[in-house]
1. Within the stretch A:104-124, restricting attention to residues that are open to solvent by 20 Å² or more (accessible area, probe 1.4 Å) and without any contact (Cβ under 8 Å) to a residue 12 or more places away in the chain, which residue is farthest from the other protein chains (Cβ to nearest Cβ)?
2. Please give the strands (runs of 3 or more DSSP E) falling wholly within the stretch A:55-167 in which 1 or more residues are more than 30 Å from A:Met450 (Cα to Cα).
3. Among what's in the stretch A:60-80 and is open to solvent by 20 Å² or more (accessible area, probe 1.4 Å) and under 19 Å from B:Met154 (Cα atoms), pick the residue that is nearest to the other protein chains (Cβ to nearest Cβ).
4. Looking at A:Tyr369, A:Tyr357 in this structure, which one is open to solvent by 30 Å² or more (accessible area, probe 1.4 Å) and either in contact with a Ser or Thr (Cβ under 7 Å, 6 or more places away or on another chain) or of a type in the set (Ser, Thr, Tyr) (or both)?
5. Between a residue in the stretch A:287-315 that is outside the structural domain of A:Arg265 (by the TED database) and any residue that is surrounded by fewer than 23 Cβ atoms within 10 Å (Cβ to Cβ), which pairs come within a Cβ distance under 9 Å, given they are 6 or more apart or on different chains?
6. Exactly one condition in (1) farther than 30 Å from A:Trp171 by Cβ; (2) in contact with a Cys (Cβ under 9 Å, 6 or more places away or on another chain); (3) not acidic (Asp, Glu) is not met by B:Trp236; state its number.
7. Run A:Gly212 past the list (1) within 20 Å of the chain's Cα centre (by Cα); (2) within 15 Å of A:Pro365 (Cβ to Cβ) and report the number of the one that doesn't hold.
Number of protein chains: 2
Amino acid sequence: MKATSLLHLRNLLQFRTQCRGNNILSQEPSGPKMKTEIPVRGFFGPKSKQFMKKLEKTQNALSTIFVLDVEKSIGNYAVDVDGNILLDVYEQIASLPLGYNHPAIQKVFQDSKNLSQLVNRPALGVHPTPQFIKQIDQTLLRIAPKGLDYIQPMMCGSCSNENAFKAMCIWYANKYRNGKAFTDEELKSSMYNKPPGCPNISIMSFEGAFHGRTFGALSCTHSKPIHKIDIPSFDWPAAPFPRYKYPLEANERENTKEDEKCLARVEELFHEYKYKQKPVIGVVVEPIQSEGGDYHGSATFFQRLQKITKQNGAAFLIDEVQTGLGATGKFWAHEHFNLPETPDIVTFAKKFQTGGYFAKSEFQPKQPYRIFNTWMGEPAKLLVLDAVLKTVKQENLIENTRKTGDILLNGFKNISKQYSQLILNVRGQGTYCAFDMPNVLTRDKFINQMRNAGIQIGTCGDITVRFRPALIFTEKHAHIVLDKIIEVAKNF
Amino acid sequence: MKATSLLHLRNLLQFRTQCRGNNILSQEPSGPKMKTEIPVRGFFGPKSKQFMKKLEKTQNALSTIFVLDVEKSIGNYAVDVDGNILLDVYEQIASLPLGYNHPAIQKVFQDSKNLSQLVNRPALGVHPTPQFIKQIDQTLLRIAPKGLDYIQPMMCGSCSNENAFKAMCIWYANKYRNGKAFTDEELKSSMYNKPPGCPNISIMSFEGAFHGRTFGALSCTHSKPIHKIDIPSFDWPAAPFPRYKYPLEANERENTKEDEKCLARVEELFHEYKYKQKPVIGVVVEPIQSEGGDYHGSATFFQRLQKITKQNGAAFLIDEVQTGLGATGKFWAHEHFNLPETPDIVTFAKKFQTGGYFAKSEFQPKQPYRIFNTWMGEPAKLLVLDAVLKTVKQENLIENTRKTGDILLNGFKNISKQYSQLILNVRGQGTYCAFDMPNVLTRDKFINQMRNAGIQIGTCGDITVRFRPALIFTEKHAHIVLDKIIEVAKNF
């Protein structure tokens with residue numbers, strides 16, 4: 001496409017935005033529309049292929065699905081450089097809260113009074129700005145899980161978890177140090193990575209968990225060997241996470257046993273690692289194991305896990321990097337569990353467009369420079385988050401997610417009845433839905449055929465299809481997805 | 001200040017920008033100007049204090065120096081919320097390349113054709129955009145150290161180092177696996193953090209080094225105990241880094257011995273860790289140890305270090321997070337060393353406004369998802385970087401840094417002659433300068449008095465004063481700094 005026609009299209013889009021205000025849905029195409037053929041691996045039209053050839057000169061580009069046209073993509077629809085229009089229920093690995101080119105986010109960048117905040121990225125740990133201090137109070141504090149009033153902005157999911165882990169370690173040491181000063185031996189040994197300064201303590205995570213890919217986060221990640229192989233790791237324990245039988249209502253007894261088995265192993269690991277003199281000082285868990293295969297745990301499981309963790313003197317960290325910000329039908333997914341008390345720390349990233357964590361104030365280190373880095377987050381991203389949160393509130397998007405999620409989930413259940421050999425273990429909360437397929441080849445073939453039908457979906461685990469639409473995904477979009485699944489399943 | 005007068009000031013600034021084009025220096029105040037009194041710890045005028053009280057409700061704010069007015073700050077001058085105007089030679093911990101509110105960066109956000117790239121943050125690993133692919137080629141590849149044509153954008157300095165460490169581990173395993181597939185034992189053990197899947201290998205770093213604060217990066221950081229204490233760490237070796245006597249020309253023999261001592265220990269540690277069955281697979285080093293105390297190594301030291309590293313089959317990673325992008329008088333600080341060959345990997349962040357690394361193509365994993373995360377960098381930041389690099393080129397800012405650096409360094413040397421009990425060990429390259437003071441109390445008192453005189457400087461190590469001005473810092477600014485140092489030294 002020539003530059004002039006691209007310019008024309010952009011002007012048209014801007015014009016439409018101006019005319020129709022915030023109603024982004026009215027700017028969407030009426031449905032997906034495919035132009036080019038899609039090979040089995042990935043999704044390359046001729047223009048995507050050309051771009052990929054360039055990218056492959058400098059990068060491993062094997063994970064690429066297609067080259068995105070960010071200018072033409074709109075609302076729930078991703079457009080690729082070949083002009084294919086896809087209804088996107090994966091949304092940049094669950095990281096876009098309001099779909100593409102949302103007017104509320106556009107306004108953040110168009111408003112000249114935001115310019116100096118966009119242009120000057122400060123080192124917030126030494127030079128906070130009045131606007132940032134206001135953002136902490138009026139943007140972040142308002143969404144804080146109850147009682148978690150220590151707020152630490154960060155950059156991405158991995159560094160949010162890494163720093164939350166550090167906060168747990170510091171909290172634990174502080175508790176056992178009982179107000180005493182660091183000893184000389186601690187100070188000296190720490191400089192050479194040795195105990196007692198760098199203590200032999202551990203963080204418990206779960207088989208199938210995903211918490212990021214930096215060395216600390218990766219030591220708590222157990223989703224796929226390719227993420228971990230060849231990388232040194234901390235000897236930290238991994239407990240089993242429930243693997244339920246579906247439908248839940250027909251498998252209550254067995255699933256309760258599954259909870260018990262997992263929790264018994266959690267208790268064992270607390271003891272084993274205490275005995276090994278590498279005590280577990282914190283437990284990190286996703287409310288729904290996502291990258292690992294969309295595995296859910298019951299409210300009872302989480303309630304008891306929190307209790308066991310507390311009994312063992314450890315901190316309880318819930319990683320809401322993927323689940324946070326409304327997609328499950330509640331703002332935080334852990335709100336579904338009716339926990340006896342708020343978790344100690346909750347991490348976030350992805351849809352928030354920036355990372356960070358909320359914690360109980362006892363997790364705030366008493367000394368400066370212990371949780372610290374150059375940027376400590378970014379005010380520009382908090383401007384975007386503020387616009388997102390206001391839109392979510394104004395447009396009742398969490399309620400929308402609950403309603404649309406019901407349609408999606410019930411639809412999957414009905415299709416699963418008809419195609420019971422193909423679509424298995426339907427599960428979900430809000431639009432945060434998934435089902436399994438019989439094996440990896442079938443799953444990958446299905447995903448490819450869905451792309452050919454104009455639906456961009458994600459995968460997780462070995463055999464799972466995961467849905468992560470934006471919060472502006474409505475009943476109409478849900479029906480398009482359901483119809484296309486039936487169409488593909490029919491001819492499979 | 002009322003909203004209307006703030007608005008007026010902003011409009012005035014914008015008007016001045018429009019009138020005077022890119023010449024930001026003409027918009028600067030004529031010099032620093034202080035309004036409020038500064039207590040010894042930190043820098044709080046009454047308005048800064050008010051803001052800090054708010055921030056302290058949710059954060060540990062003990063590292064705060066002052067609350068920054070990003071709207072009024074301009075060029076080399078930081079303005080605080082109390083109206084104090086400081087000549088800033090620390091620049092947000094060395095992270096602002098062009099000072100405050102530079103028109104070239106403002107234009108990035110004002111240009112409506114950038115809007116969709118600013119609004120839609122893609123998951124670049126699965127959906128790169130044409131603009132991003134162009135940025136890789138025309139922005140990043142152009143500054144790549146010779147021969148390093150594998151480019152991996154990241155988010156910040158820590159995650160750049162963490163992922164570069166991973167790339168070294170994968171490269172090493174690949175070399176010894178010799179094209180064979182992963183074994184079942186490797187795959188299975190990796191899921192539980194155990195060898196052989198998660199191997200017992202190590203990365204060598206240096207005493208006094210700083211490479212970040214996430215668990216992997218922190219295991220290579222040895223600058224201050226407060227960064228490391230209470231956090232579990234990998235048992236990885238730390239070698240001594242040269243501690244030279246100044247002036248260099250008068251201490252050649254002793255400093256050569258210092259190099260030899262350090263390099264001998266590097267060789268020993270390679271052997272020790274091989275014997276321990278935790279072989280060193282990579283060495284990570286800063287061209288100038290910055291956070292640790294602005295310690296320089298000679299070209300010979302770095303040449304021989306690279307040679308020893310290669311002889312031991314390990315990878316050689318230079319961390320240019322703080323030194324990269326021109327401040328030392330060359331684009332990359334390691335260009336000063338005339339290394340026999342390019343380092344294997346070079347990491348960057350800070351002034352680049354985003355993170356990442358350049359590597360030899362053999363450090364590119366063959367499989368997807370090994371070096372991966374949701375965002376994999378950010379196109380919006382690369383737009384800013386592109387504007388910065390163009391300005392650096394157009395305005396010969398690296399040459400400027402060389403010239404201004406000479407004035408600064410020679411000035412410090414002269415002052416050091418006059419105040420030889422106060423200002424010690426003057427050293428630097430370009431404007432990347434430092435000197436020591438007799439002890440920490442004197443240093444902190446000096447920094448505070450300099451702030452009172454309107455100069456914002458940084459510290460590092462225990463007794464060091466570090467200068468990290470922006471690249472637009474000129475001869476005029478250097479003389480203001482030198483004059484103020486003399487003024488403070490006189491009355492000390």
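1. The qualifying residue farthest from the other protein chains (Cβ to nearest Cβ) is A:Asp111.
2. Working: elements: A:77-79, A:85-88, A:150-154.
Hits in the stretch A:55-167: A:150-154.
3. The extreme case among them is A:Leu62.
4. Numbers: A:Tyr357 fails: open to solvent by 30 Å² or more (accessible area, probe 1.4 Å).
Just a single option satisfies the conditions, and that option is A:Tyr369.
5. The qualifying pairs do not exist here.
6. In the conditions (1) farther than 30 Å from A:Trp171 by Cβ; (2) in contact with a Cys (Cβ under 9 Å, 6 or more places away or on another chain); (3) not acidic (Asp, Glu), B:Trp236 misses (1) alone.
7. (2)
Let's see how each residue does on (1) of a type outside the set (D, E, K, R); (2) buried (at least 23 other Cβ atoms within 10 Å of the Cβ); (3) modelled with pLDDT under 95; (4) in a loop (DSSP other than H, G, I, E, B):
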position: A:Phe210; (1), (2), (3), (4): yes, yes, no, yes
position: A:Thr221; (1), (2), (3), (4): yes, yes, no, yes
position: A:Asp230; (1), (2), (3), (4): no, yes, no, yes
position: A:Glu258; (1), (2), (3), (4): no, no, no, no
position: A:Glu268; (1), (2), (3), (4): no, no, no, no
position: A:Lys274; (1), (2), (3), (4): no, no, no, no
position: A:Gly282; (1), (2), (3), (4): yes, yes, no, no
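The values are calculated or read from the model by the stated rules, or taken from the named source; none is laboratory data. Just so it is clear, the model here is predicted, and its values are computed rather than measured. We place every Cβ from the backbone using ideal geometry, glycine too, and count neighbours over all the protein chains shown. Accessible surface is based on the protein model in full, side chains and every heavy atom, while ligands, DNA and RNA are left aside. Shrake-Rupley method; radii C 1.70, N 1.55, O 1.52, S 1.80 Å.
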